[in-house]
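The values are calculated or read from the model by the stated rules, or taken from the named source; none is laboratory data. The structure presented is a predicted model; accordingly, all values stated were derived computationally and were not measured. A quick note on method: Cβ atoms are made from the backbone with ideal geometry, for glycine too, and the neighbour counts reach across all protein chains shown. We work out accessible area using only protein heavy atoms, side chains counted, and drop any ligands, DNA or RNA first. Shrake-Rupley method; radii C 1.70, N 1.55, O 1.52, S 1.80 Å.
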Amino acid sequence: MERLIEQAATDLTKSRYAVALTGAGISTESGIPDFRGPKGIWTTDREAEAKAYQRYELFLRDPKAYWEEMQGISGRHGEFYQRLREAQPNAGHYALAELEELGLLGAVLTQNIDGLHQKAGSSKVVEYHGSVHRLRCLSCGRRFVFKELSEENLPPLCKCGRALKYDVVHFKEPIPFDVMLRAQEEALKCDLMLICGTSAVVYPFAALPRQAKLHSAVKIVEINAEPTPLTAEGVSDCLIQGRTGEILPRIVEQVRQMLAKNTRNC
Ligand code: APR
Ligand code: ZN
């Protein structure tokens, strides 16, 4: 693993434009369960997964019932979102934020809705599946910061009068066009992609590395607890297997040493 970590650090210092793609795996060390890992939410609770697949249609059919479920009045999902809002970043998030600060990471494209990359200091974050910290209007596209809602005011209404939903992309819901576009641009312009903590099975996000590989000379480094379809398909050039909270800080440590050496040599 040491050699792969050193190689990833070298790749970062030599790349023209690097981006990181992240999934739920980078937040498990912040106490947030992932979805498909051995103790994942969907792995352990198929009923919750089935309910998640109905959530977008529920909103379209009955916004009030959607909010009763989301507020934990008629379901448990409200507590989960509250847990996400209260979570704190871990060493993996801070490592990516430091790479941005060193000018070596152009953007983070995340599937996570917990906002932990921003809490850790990353400023260029594309939240492909949205955020539990915001509401969105499907009609006019306005977004609002989430504020505690009382039961009497459900569903919350937009300025245009339509019901607001969480700015979270539920299964079967389209990715907002502005987000899709930004993610596509970032993925296709990078020459180095770090893919951290994702099973890479949910589309269209999972298409990004595959499209980048097809359209550009990108090097893809996977950092994940287990191999994924990207590993099996040879989309990723290497897999550094283990915890993002351990591997990413070790890569940043190597980068710092290389930069210090380069400074001394010039
Ligand atoms: N370090 C590295 N990898 C980890 C860690 C860790 N600390 N913890 C878990 N993993 C790995 C798991 O082994 C798994 O391969 O991260 C991956 C997480 O995969 P998923 O649980 O499928 O999460 P993700 O890929 O983000 O899911 C995508 O599915 O349900 C939807 O909208 C949801 O955004 C989510 C999307
Ligand atoms: Zn509106």
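Kindly indicate the residue of region 159-178 that is outside any loop (DSSP other than H, G, I, E, B) and aromatic (Phe, Trp, Tyr) and also most open to solvent (accessible area, probe 1.4 Å) among those meeting that condition.
For region 159-178, the residue satisfying everything is PHE177.
Using the structure shown, decide if ALA95 is over 13 Å from the mean Cα position of the chain (by Cα) and crowded, with 23+ Cβ neighbours inside 10 Å.
On the way: over 13 Å from the mean Cα position of the chain (by Cα): yes; crowded, with 23+ Cβ neighbours inside 10 Å: yes.
The answer is yes for ALA95.
Scan region 212-230 for residues that are open to solvent by 50 Å² or more (accessible area, probe 1.4 Å) and either not in a helix (DSSP H, G or I) or not assigned by TED's automatic domain parsing to the domain that holds LEU194 (or both) and report the count.
Count: 5.
Among what's in region 139-158 and is in a strand (DSSP E or B) and aliphatic (A, V, I, L, M), pick the residue that is surrounded by the most Cβ atoms within 10 Å (Cβ to Cβ).
Residues of region 139-158 that are in a strand (DSSP E or B), as a first pass: 143-145, 157.
Applying the additional criterion that residues be aliphatic (A, V, I, L, M) yields 145, 157.
On the way: VAL145: 9, LEU157: 13.
For region 139-158, the residue satisfying everything is LEU157.
Only one of ARG136, ARG182 is open to solvent by 60 Å² or more (accessible area, probe 1.4 Å), in contact with a strand residue (DSSP E or B) (Cβ under 6 Å, 6 or more places away or on another chain) and at pLDDT 95 or above. Can you tell me which?
Working: ARG136 fails: open to solvent by 60 Å² or more (accessible area, probe 1.4 Å).
After applying the criteria, what remains is ARG182.
Output the residue which, of all residues in region 1-57 that are open to solvent by 80 Å² or more (accessible area, probe 1.4 Å) and hydroxyl-bearing (Ser, Thr, Tyr), is farthest from ligand 2 (Cβ to nearest atom). Step through it out loud before you land on a result.
Our first condition is that a residue be open to solvent by 80 Å² or more (accessible area, probe 1.4 Å); within region 1-57, this holds for 1-3, 6, 14, 16, 36, 38-39, 44, 46-47, 51, 53-54.
If we keep only those that are hydroxyl-bearing (Ser, Thr, Tyr) as well, we get 44, 53.
Values: THR44: 37, TYR53: 25 Å.
Per the stated criteria, the residue is THR44.
Going by the conditions given, is LEU188 open to solvent by 20 Å² or more (accessible area, probe 1.4 Å), hydrophobic (A, V, I, L, M, F, W, C), outside any loop (DSSP other than H, G, I, E, B) and under 24 Å from ILE223 (Cα atoms)?
yes
Give the residues of region 231-255 that are surrounded by 13 or more Cβ atoms within 10 Å (Cβ to Cβ), of a type outside the set (Asp, Glu) and assigned to a helix (DSSP H, G or I), sorted by residue number.
Hits for region 231-255 are THR231, THR244, GLY245, ILE247, LEU248, PRO249, ARG250, ILE251, VAL252, GLN254, VAL255.
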